[in-house]
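One structure is given below, encoded as structure tokens.
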Ligand code: GUN
């Protein structure tokens, strides 16, 4: 039976550490870090993610602002708003919740964020720096996975890590970070995805499997080897009439069966998802320190 990685506990430890650090920095800079979150439209999952980000800010004593716009907002108006926050020294992080409505070009929006305030790590400048191993913002979900490895003494060095999924938010950055010749990384990495004829050919070879494909309960017991470390990044809503909300959240991994074979596994909920928010806070604090220390 696997060790269940407790993302909830680790995320609250990290938030506690950040809270204490903010207290100290408040005296040093006479200022607190600030995050602005921009939400366009009314996607229920996005609303729920954004709420948890705003709540985390208030828990750790960080300034936060939520800008909500309906999906009629034009791209130019959105770009103007971002530009306003690029120049607003109360805010050190700018997060535009994705996905955006179809009439808005996500790349153009991401590129309009000052890379120093890009706490998601999605700006091409930050993505490029990450690929070549320079100091930058790690996207929050990959960063959270690293933090879990560190705190559970799981060392990817020399291990075969199989990443299932190739999104810009998880699959690509996590694979690139794991490739780095750095402490906590230095893995042999395979990236597989939906175009594979049979994904299990790859997943079966994993010492560490990172499932980020967005398909509920897709990874089954017969797709992994004994002793595998499983990181489940999936957050899928499936209908469940027994729940008040009418749905429940499941991961990309068939937790009940795969956990019998794994050595470590993250649950959903209670695993990677909460870490993403904690690492967003960490990135915003990092942005604050970089920006404020350059001013002096
Ligand atoms: N949508 C899903 N995940 C994310 C994320 O990490 N950041 C942003 N901005 N949007 C998302």
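Just a few scattered comments:
- The chain: angle of helix 272-295 to the longest principal axis, Cα-based, in degrees nearest 10: 40
- Which of 207, 120 has the fewest Cβ neighbours within 10 Å, and the rest in rising order: 207, 120
- The chain, relative contact order [Cα under 8 Å, separation at least 6], %: 21
- Our summary gives the stretch 1-157 a relative contact order of 21 percent, counting only alpha carbon pairs under 8 angstrom and 6 or more residues apart.
- Which of 191, 3, 268 has the fewest Cβ neighbours within 10 Å, and the rest in rising order: 3, 191, 268
- Cα gyration tensor, the stretch 67-149 - rounded (a/c under 1.5), prolate or oblate: prolate
- For the stretch 119-180, the C-alpha radius of gyration divided by 2.2 N^0.38 Å, with N the number of residues, is 1.07.
- Distance from the Cα centroid of the stretch 104-136 to that of the stretch 145-190 is 20 Å (rounded to whole angstrom).
- Relative contact order for the stretch 1-70, counting Cα pairs under 8 Å that sit 6 or more residues apart, in percent: 38
- When the alpha carbon gyration tensor of the stretch 1-151 is reduced to an equivalent ellipsoid, its three semi-axes come out at 26, 19, 17 angstrom, largest first.
- Along principal axes, Cα extents of the stretch 8-55, largest first, whole Å: 39, 27, 9
- Panel order for 71, 6, by other beta carbons found within 10 Å of each beta carbon, from fewest to most: 71, 6.
- The stretch 177-275 shape via C-alpha gyration tensor axes, a/c threshold 1.5: prolate
- The chain: C-alpha pair distances exceeding 22 Å, %: 60
- The C-alpha atoms of the chain define a longest principal axis, and helix 75-86 lies at about 70 degrees to it.
- Three-way shape call for the stretch 105-221 based on the alpha-carbon gyration tensor, with the a/c threshold at 1.5: oblate
- Against the main long axis of the alpha-carbon atoms of the chain, helix 140-151 sits at an angle near 60°.
Values quoted throughout were computed directly from the atomic coordinates according to the rules given, and no laboratory measurement underlies them. Note that the coordinates shown come from a computational prediction; the quantities given were computed from them, not determined experimentally. Counting neighbours? That spans all protein chains shown, and the Cβs are built from the backbone with ideal geometry, glycine included.
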